[in-house]
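Everything on this sheet refers to the single structure shown next.
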């Protein structure tokens, strides 16, 4: 994806850049990076840590979450995650996620990329392929066709998939589970495999991070992986 130069977001020689070892973060200006993975993978923890690191280095970041990120998207999020929504079909779920995504792309992601900012997304099309595709039984072709309508030609520069075994993931999920989190172990296993299959199909665009180790270990691997792939 062609993006504005990193200088639009940060001057790497500025004293505000931070530690020298993180100067490479300047090269992420104008990039689109997605953090994804099953519930309980530790994705959200790593997202928050990486976001803080980038901002601490002086990089301008547009951080978004899915579903949500806009007024319309947050309303859709409430419908999707509310247990009272009942037995919503996988196709209905997919279309609602895509509707939220379409608004997010138009309202926030494209403008931020045009300004040369790093866009850091907590989930994107990769989630739909895993949850409503591998988990819910929808075909990859159907999902990708709708994704093209929702996002046009926009694709992430990198999708980072955080992977953890079922026991580790289950231990990390806290609080009252939402409608999606409440599904059984067989569904969760299909979702996890759906993510791993995406990485096998697209090794250039996706990378898998072993998220089972302690958070500091995962964070170190994440930083080195992003540096190697995008810096």
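Cβ-Cβ distance of residue 23 and residue 217, R₀ of 22 Å, FRET efficiency by 1/(1 + (r/R0)^6): the value works out to about 0.45.
Relative contact order for the chain using alpha-carbon pairs under 8 Å, separation at least 6, rounded to a whole percent? Relative contact order of the chain: 29 percent. When the helices of the chain are scored as -39500 (n - 2.57) per DSSP H run of n ≥ 4 and the total is divided over every residue, the value at 222 nm lands at -13500 deg cm²/dmol. Spin-label model, residue 52 to residue 172: label points 7 Å out along the Cα-to-beta-carbon direction sit 1.6 nm apart.
Annotation for residue 115 and residue 90: the two label points, set 7 Å from Cα along the Cα-Cβ direction, are 3.8 nm apart. Please report the antiparallel percentage of the DSSP beta bridges confined to the stretch 29-230, to the nearest 5. Percentage antiparallel, nearest 5: 0.
Counting only alpha carbon atoms, the long axis of helix 71-81 and the longest principal axis of the chain meet at about 40°. Computed from Cα positions, the angle between helix 215-230 and the longest principal axis of the chain comes to roughly 70 degrees.
Tell me which label goes with the value of Cα extents along the principal axes in Å computed from the coordinates here: [x] 48, 37, 36; [y] 54, 37, 32; [z] 51, 48, 31. Correct label is [y]. Each of the peptides 88-97, 39-48 was scored by the mean count of other Cβ atoms within 10 Å over its residues; in descending order, highest first, they stand as 39-48, 88-97.
Taken together, the values in this text are just the output of simple stated rules run on the coordinates, not laboratory data. Note that the structure is a prediction, hence the values are computed from the model and not measured. Don't worry about glycine lacking a Cβ; one is built from the backbone with ideal geometry, like all the others, and counts go over all protein chains shown.
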